[in-house]
Amino acid sequence: MGKHRVLQIAKYVAGAIAVAGITLIEYRLLHVNRTTVALSFLLVVLFTAASWGLRPAVFVSVLSTLAFNYFFLPPVLTLTVADTRNWMALFAFLITAVIASHLAERARKEADKANQRRREVERLYGFSQQLLVTENPTELLTRIPSDATLSFGFTEVALFASERNRIYRSSGNALDLPADRLREAAKSRELFTEGSHVLYTPLMMGVRSMGALAVRGALPSRETVEALAGLIAIAVERAGALEQLTRAEAARESERLRTALLDSITHELRTPLTAIKASITSVRETPTMAAEQREDLYAVIEEESDRLNRLIAEAVEMAQLDAREVKLDIRPHSIRTAVDAALSDLADVLQQNPVEVRLPESLPMARMDLAYITKVLRHLLENAVKYSSDGSPIYISAEAGEGTLTVNVADRGAGIDDLEQSMIFDKFYRGRERRGLVPGTGMGLAIVRAIVEAHHGKITCTSQVGHGSVFSFTLPIAY
C-alpha cells in the first residue's frame with residue numbers, strides 16, 4: 001500500500017473519530033439541544049473540507065447525518081424518524097453539509113491557486129533579477145538553464161538559441177531533452193507537452209522566433225510558462241545586442257592586437273634559434289669543455305631543433321590546409337573510434353587530468369577522415385590540459401542534430417574572455433594572460449578550424465572566465 005493511500009485512509013479515520021467524539025460528548029455528557037449538535041457536526045464537516053478536500057468531507061457529512069439521526073432525533077438509538085419535520089431537518093442538514101463541503105473545498109482550491117500564483121510570480125521576479133545582473137552575453141545564455149532550474153525547481157532545462165544555432169543545457173543529464181524537439185518547437189512556434197512532466201515552448205520576440213525552451217519536472221501554470229519564455233526571449237535578444245557591442249569593441253582593438261600577434265610569431269621563431277646559436281657558440285669557444293657539459297648543450301640543440309621543426313611542420317600543414325591541398329579520406333566512422341585513438345595517443349599527457357567520455361550508444365556514424373579528426377581531438381585535449389590545473393576534469397560528449405554530429409570537449413580551466421574568443425582560432429594567436437606561461441606555437445586551434453572546415457563543419461567556443469571552456473565542432477552525419 002502506497003504512502004498516499006495510507007494518508008487518504010488516515011483522513012477518513014480522523015473524520016470518523018471527530019464525529020464519534022462529538023457524539024459521545026454531546027450525547028453522554030452535555031445533553032445539548034439538537035440545533036447545537038447539528039452546528040457542531042457542521043463545523044467538523046467544514047474543517048474537513050477546508051483541510052482535506054471534498055471526498056473526506058462528504059464522508060463526514062453522511063456519517064454525521066447518521067449519527068445525528070441515531071442519537072439525537074426521536075426515537076433515539078434507531079435510524080427511523082417518527083416526525084416528518086425531523087425528516088426535513090435531517091435532509092436539510094445533509095444538503096447543508098454537502099453544499100458547505102463543496103464551498104469550503106472550492107475556497108481551499110482557490111486559496112491554493114492564489115498561493116501558487118504568488119510563488120510563481122516571486123520566482124519570475126527573482127529569475128528576472130538574475131538575468132539583469134549578467135553582462136557577459138555568452139555567460140548569460142549559459143546560465144539561463146541552470147538559473148531556471150534553481151528558481152523553479154525543474155529537473156532539467158535546455159535552451160535553444162536560433163541565431164547562434166546552439167543549445168545550452170542545465171547539466172549533462174539534460175541531453176534527455178533532444179535537440180530535434182527543441183528545433184521543432186522553435187519552428188512550429190507552438191507550445192506542446194510530452195506527458196505531464198516535459199514541456200517545449202518557443203521563445204517569441206513579437207512575431208520573430210528567438211529559439212525554444214524545454215523543461216522537465218513539475219510544470220507551472222501556462223501563464224507562468226509564457227511569462228518565463230518571454231523573459232528568456234528578451235534575455236536572448238539582449239545577449240545578441242551585447243555580443244554585437246563586444247564585436248565592435250574587438251574591431252577597435254584589432255590594430256593593437258596585430259602587434260601582439262607579430263610579437264608572438266617572432267618569439268616562437270627566435271627562441272629556439274637563439275638557444276641553438278648560443279649552444280653552438282659555447283661549444284666552439286670552449287674546446288676544453290667537460291664532456292658532460294658538451295652533451296647537455298647537444299641536448300639543448302637537439303630539443304630546440306625539434307621544436308623549430310614542429311613549428312615549421314605546423315606552418316606547412318596550415319598552409320596546405322588553407323590552400324586545400326590536403327586530400328581527405330572521408331568515410332563513415334564512429335566518433336568513438338576517433339576519441340579512443342586520441343585518448344590512447346595522449347595517455348601520458350592526460351595522467352593528471354581525468355577524462356569523462358559521454359557518448360550515447362545511439363550516435364550515428366559521421367563522415368570524416370579518421371586520422372585528421374583524431375588530430376583535432378588531440379589538439380583540443382592538449383589545449384584543455386594546458387589551461388587546466390592538475391586534477392581538473394575534462395569532458396568529451398556528442399549529440400546528433402539535423403544532419404550533423406556535434407562533438408564537445410569541455411574543461412574547467414581558466415576560461416577565455418569575450419574579446420579573445422573571436423581570435424583564438426587565428427594563426428599564431430595565443431592568450432594574453434598566459435602567453436608566457438604555457439608553451440605552444442599558437443597554431444593548434446587554427447589547424448583544428450581548418451580541418452573541421454575541410455569536413456564542411458564548424459567549430460565554436462563557449463567560455464566563462466574562471467569556469468572553463470567548451471569547444472564544439474560539427475561533422476556531417478553519414479546516411
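The values are calculated or read from the model by the stated rules, or taken from the named source; none is laboratory data. The shown structure was predicted, so the numbers you read here are calculated from the model rather than taken from an experiment. FYI the Cβ positions are ideal-geometry reconstructions off the backbone, even for glycines, and counts take in every protein chain you see. Note: areas computed on protein heavy atoms with side chains; ligands, DNA, RNA excluded. Shrake-Rupley method; radii C 1.70, N 1.55, O 1.52, S 1.80 Å.
Within the stretch 430-440, is even one residue more than 28 Å from the chain's Cα centre (by Cα), at pLDDT below 90, of a type outside the set (Gly, Ala, Ser) and more than 28 Å from GLU139 (Cβ to Cβ)? The answer is yes; a qualifying residue exists. For the stretch 19-29, residues that are modelled with pLDDT under 80, of a type in the set (A, V, I, L, M) and open to solvent by 30 Å² or more (accessible area, probe 1.4 Å) total 2. Just wondering, is there one or more residues in the stretch 184-198 that are assigned to a strand (DSSP E or B) and either at pLDDT below 80 or touching a Lys or Arg at 6+ places or on another chain (Cβ under 7 Å) (or both)? Taking every residue of the stretch 184-198 in turn, at least one turns out to be assigned to a strand (DSSP E or B) and either at pLDDT below 80 or touching a Lys or Arg at 6+ places or on another chain (Cβ under 7 Å) (or both).
Scanning the stretch 375-389 for residues that are under 15 Å from GLY466 (Cα atoms) and open to solvent by 40 Å² or more (accessible area, probe 1.4 Å) turns up LYS386, TYR387, SER389.
When residues of the stretch 277-297 are filtered for being hydroxyl-bearing (Ser, Thr, Tyr) and open to solvent by 100 Å² or more (accessible area, probe 1.4 Å), how many remain? Show your work before the answer.
Step one: of the stretch 277-297, the residues hydroxyl-bearing (Ser, Thr, Tyr) are 279, 281-282, 286, 288.
Still in the list and also open to solvent by 100 Å² or more (accessible area, probe 1.4 Å): 288.
Matching residues across the stretch 277-297 total 1.
Quick one: would you say LEU377 is modelled with pLDDT of 90 or more and in a strand (DSSP E or B)? Outline the logic, then answer.
Details: modelled with pLDDT of 90 or more: yes; in a strand (DSSP E or B): no.
So LEU377 fails the test.
Based on what the data block shows, is THR155 among the polar types (S, T, N, Q) and within 30 Å of PHE473 (Cβ to Cβ)? Answer is yes for this residue.
Just to check your reading of the model, which residue among ALA186, ALA229 is buried (at least 17 other Cβ atoms within 10 Å of the Cβ), free of Cβ contacts under 8 Å to residues at least 40 places away in the same chain and closer than 21 Å to GLU139 by Cα? Reasoning before the result, please.
Working: ALA186 fails: closer than 21 Å to GLU139 by Cα.
Being buried (at least 17 other Cβ atoms within 10 Å of the Cβ), free of Cβ contacts under 8 Å to residues at least 40 places away in the same chain and closer than 21 Å to GLU139 by Cα holds for just one of ALA186, ALA229, which is ALA229.
Taken over the stretch 394-410, the criterion of being open to solvent by 10 Å² or more (accessible area, probe 1.4 Å) and either assigned to a strand (DSSP E or B) or of a type in the set (Asp, Glu) (or both) is satisfied by TYR395, SER397, GLU399, ALA400, GLU402, THR404, THR406, ASN408, ALA410. Look at (1) small (Gly, Ala, Ser); (2) more than 27 Å from ALA410 (Cβ to Cβ); (3) open to solvent by 40 Å² or more (accessible area, probe 1.4 Å) and you find that SER171 fails only one, number (2). Go through the stretch 198-213 and give me each residue that's out of contact with any Ser or Thr (no Cβ under 8 Å at 6 or more places or on another chain) and not charged (D, E, K, R). Once the filter is applied, which keeps residues that are out of contact with any Ser or Thr (no Cβ under 8 Å at 6 or more places or on another chain) and not charged (D, E, K, R), the stretch 198-213 yields VAL198, THR201, MET204, MET205, GLY206, VAL207.
Would you point out the residue of the stretch 215-226, among those that are of a type in the set (A, V, I, L, M, F, W, C) and farther than 18 Å from ARG189 by Cβ, that is most open to solvent (accessible area, probe 1.4 Å)?
Initially, the stretch 215-226 is screened for residues of a type in the set (A, V, I, L, M, F, W, C), giving 215, 218-219, 225.
Filter again for farther than 18 Å from ARG189 by Cβ, leaving 218-219.
On the way: ALA218: 74, LEU219: 50 Å².
Within the stretch 215-226, the match that is most open to solvent (accessible area, probe 1.4 Å) is ALA218.
With the requirement that a residue be in a helix (DSSP H, G or I), open to solvent by 70 Å² or more (accessible area, probe 1.4 Å) and either in contact with a Ser or Thr (Cβ under 6 Å, 6 or more places away or on another chain) or among the small types (Gly, Ala, Ser) (or both), what does the stretch 334-370 give you? SER344, the sole residue that qualifies. Restricting the first member to the stretch 107-128 and to residues that are open to solvent by less than 60 Å² (accessible area, probe 1.4 Å), and the second to residues that are of a type in the set (Asp, Glu), the beta-carbon pairs closer than 8 Å and six or more apart or on different chains are PHE127/ASP147.
Scanning the stretch 202-236 for residues that are within 17 Å of GLY153 (Cβ to Cβ) and of a type in the set (Ser, Thr, Tyr) yields a count of 2.
Identify the residue in the stretch 448-476 that is buried (at least 22 other Cβ atoms within 10 Å of the Cβ) and out of contact with any strand residue (DSSP E or B) (no Cβ under 7 Å at 6 or more places or on another chain) and, among all such residues, is nearest to ASP418 (Cα to Cα). Ranking the candidates gives ALA450 first.
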